[in-house]
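Below: the structure, in structure tokens.
The values are calculated or read from the model by the stated rules, or taken from the named source; none is laboratory data. Please read these numbers as outputs of a predicted model, since none were measured by experiment. When we count neighbours, we look across all protein chains shown, and the Cβ atoms used for this are built from the backbone with ideal geometry, even at glycine.
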């Protein structure tokens, strides 16, 4: 697999989650922010990053830099995914199903952000188990990694695609 350089891609970013923690000190509360960001070129390249800082803007910058270092390629066929897949990360389970053209992106939260940035246009999704954005994001990425192209599966099974299509 070729190494993908972020400078070669036209990446956009999407903020998935902003979390705030408080530490009580003598003078009051000190807040810290954690941010989840997804970057992608909407052509099959996707990355995610987590950033933590005292200000939201700084956390977003850190998360975006981390996401650009973590880019992967996903398989998209005719604006949808090649096949149905169920993936799990922690307590979060994500079900992705291919959809016909015109269906749109039926997803929400972290799943929607990942699929939008990857460039998937028509898909049906269901989040099962935990709705934690960290785990649903990672489960969605795991599901996209599990996608296999028909030609790769046929080669592995040592069969010809034409025979499978004809029945």
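Picking from 40, 12, which residue would you name as being within 19 Å of the chain's Cα centre (by Cα), surrounded by fewer than 16 Cβ atoms within 10 Å (Cβ to Cβ), in contact (Cβ under 8 Å) with a residue 40 or more places away in the chain and outside the structural domain of residue 139 (by TED's automatic domain parsing)?
Among 40, 12, only 12 is within 19 Å of the chain's Cα centre (by Cα), surrounded by fewer than 16 Cβ atoms within 10 Å (Cβ to Cβ), in contact (Cβ under 8 Å) with a residue 40 or more places away in the chain and outside the structural domain of residue 139 (by TED's automatic domain parsing).
Counting the residues of segment 95-121 that are farther than 14 Å from residue 38 by Cβ and surrounded by 20 or more Cβ atoms within 10 Å (Cβ to Cβ) gives 1. Among the residues examined, residue 74 does not qualify as at pLDDT 95 or above, surrounded by 17 or more Cβ atoms within 10 Å (Cβ to Cβ) and in contact with a helix residue (DSSP H, G or I) (Cβ under 6 Å, 6 or more places away or on another chain).
Taking the criterion of being crowded, with 20+ Cβ neighbours inside 10 Å and farther than 22 Å from residue 19 by Cα, the residues of segment 123-143 that qualify are 123, 125, 143.
What do you reckon, is residue 68 within 28 Å of residue 18 (Cβ to Cβ), buried (at least 16 other Cβ atoms within 10 Å of the Cβ), within 14 Å of the chain's Cα centre (by Cα) and outside the structural domain of residue 127 (by TED's automatic domain parsing)? Spelling it out, residue 68 is indeed within 28 Å of residue 18 (Cβ to Cβ), buried (at least 16 other Cβ atoms within 10 Å of the Cβ), within 14 Å of the chain's Cα centre (by Cα) and outside the structural domain of residue 127 (by TED's automatic domain parsing).
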